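The values are calculated or read from the model by the stated rules, or taken from the named source; none is laboratory data. Remember, it's a predicted structure, so these values are computed and weren't measured experimentally. Here the Cβ positions follow ideal geometry from the backbone for every residue, glycine too, while neighbour counts run over all protein chains shown.
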Amino acid sequence: MFIDRVEVEFTAGRGGDGCTSFRREKFVPRGGPDGGDGGKGGSIVFEARVGVNSLAAFANRRFFRAEKGRHGEGSLRHGRKGREMRLYVPCGTSVIDIADGFVIKDLTTPGETFVLCRGGRGGHGNARFKTSTNQVPRIHTDGEPGEERHVVLELKSIADVGLIGKPNAGKSTLLSRISSARPEIADYPFTTKFPNLGIVDVDQERSFVTADIPGLIEGASEGIGLGHEFLRHVERAGLLVHLVEPTPVDGSDPIENYVAIREELRQYDESLADRDEMVVLTKSELDLDGEVFSRMQQYFTDHPVEHTRELFSISAAAEIGLRDLVEAIMVRVAARRQQMLEAGEELSPIREVDVPAESKKKRRVPPHKLGPTASLSNDHQARDIPEMWGKQSPMGRTIAPPETSEGNRPRDTSDEQP
């Protein structure tokens, strides 16, 4: 199930209370205070991870609470801190405060973490309050409550290409032909009810991510139809591929449909109207004489735009023109990625295997197991290593070469008188 917007309440763990205790042991008079501190409450941490494609883990759970810290005990025993609650979200998730409506954090980079709620600090035991003038303190402090947040998690898919167009324009069919995604396909409008992501492999070294956005209709920016719920997924797409049906079932004009969708994008976000696009005339087998294609070319000539716009004609069902379209999209995507690298931005990995594995922390090696002494044993002494001859041993003696074949050790004459 695809979920791209949820409303959840998060509460970090409360800190444990301090302890009031005194040392009571036989033959130990005036033992003094020994109450330990309480443990810190667990925090709630978000982490963006490749491979998590939906917010479905938060759909059926309204409240998330981290573990509390344990209370302090006698004998100066401090309470255990609460476990950290780490929650994984898709890349492109925005954390929005529901009270003020501002974006707290936008998680776009794989592995990026964010502490949403910090756990409460633990209370102090009475041992903390011992002074020269107050040697028998009978007070302690309680743990502090953890932070609370009422937020909205909103997913904006990170895709290189966004497929847009009227319902039944052939977006899902095109996605199923050029990628391994298998969206629902039928001969009626609004078959796609949620965005579908697919990875298009051009060759062994080149690939890009495509998002199939549910069909847009006139008035989508105002909440009409399904598209208004998913227009946010187009915001992060660097290239828009606008699919136009040459002979719509409702008898509408293809150019008017194209203009209507462009107007809805402009009303939703002004920047979307200026984004690079590729206009694709689908179901080319229905436009045998190329009349609609010629009309579209003439319209683009009469109505120039500031951004880059290209026109293609394909048939996804007959697999006509797909290779040229995919290659053209890859060229545009590669150029945008190069611009991002030159601007100092990082490229998001496409697959989970592309994420570099975390290097394990190396264990500290004792000094005697490093260098020439690493191979020493009862059968292999320091005098058997030529690099060690003439050096000082830990006992302060000079390491000499091993005994000769006659069984005589070379005599050290450095201290003899002339």
Selection within segment 251-272 - under 19 Å from HIS233 (Cβ atoms), buried (at least 17 other Cβ atoms within 10 Å of the Cβ) and either aromatic (Phe, Trp, Tyr) or under 28 Å from the mean Cα position of the chain (by Cα) (or both): LEU265, TYR268, LEU272
Within segment 213-221, can one find any residue that is modelled with pLDDT of 75 or more and surrounded by 19 or more Cβ atoms within 10 Å (Cβ to Cβ)? yes
Scope segment 227-250; condition surrounded by fewer than 19 Cβ atoms within 10 Å (Cβ to Cβ) and either under 19 Å from ARG275 (Cα atoms) or modelled with pLDDT under 75 (or both); matching residues: HIS228, GLU229, GLU235, ARG236
Residues that are of a type in the set (A, V, I, L, M), out of contact with any Leu (no Cβ under 6 Å at 6 or more places or on another chain) and either at pLDDT below 85 or crowded, with 18+ Cβ neighbours inside 10 Å (or both): does segment 139-150 have at least one? no
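Each row is one residue, and each column tells you yes or no for (1) more than 28 Å from PHE58 (Cα to Cα); (2) modelled with pLDDT of 85 or more.
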site	(1), (2)
SER94	no, yes
ASP97	no, yes
PHE102	no, yes
LEU107	no, yes
LEU116	no, yes
ARG121	no, yes
SER132	yes, yes
VAL152	no, yes
PRO183	no, no
Looking only at residues in segment 142-170 that are among the small types (Gly, Ala, Ser) and assigned to a strand (DSSP E or B), which one is nearest to GLU7 (Cα to Cα)? GLY162
Just give me the residues in segment 290-348 being among the aromatic types (Phe, Trp, Tyr) and out of contact with any strand residue (DSSP E or B) (no Cβ under 9 Å at 6 or more places or on another chain), in sequence order. TYR299
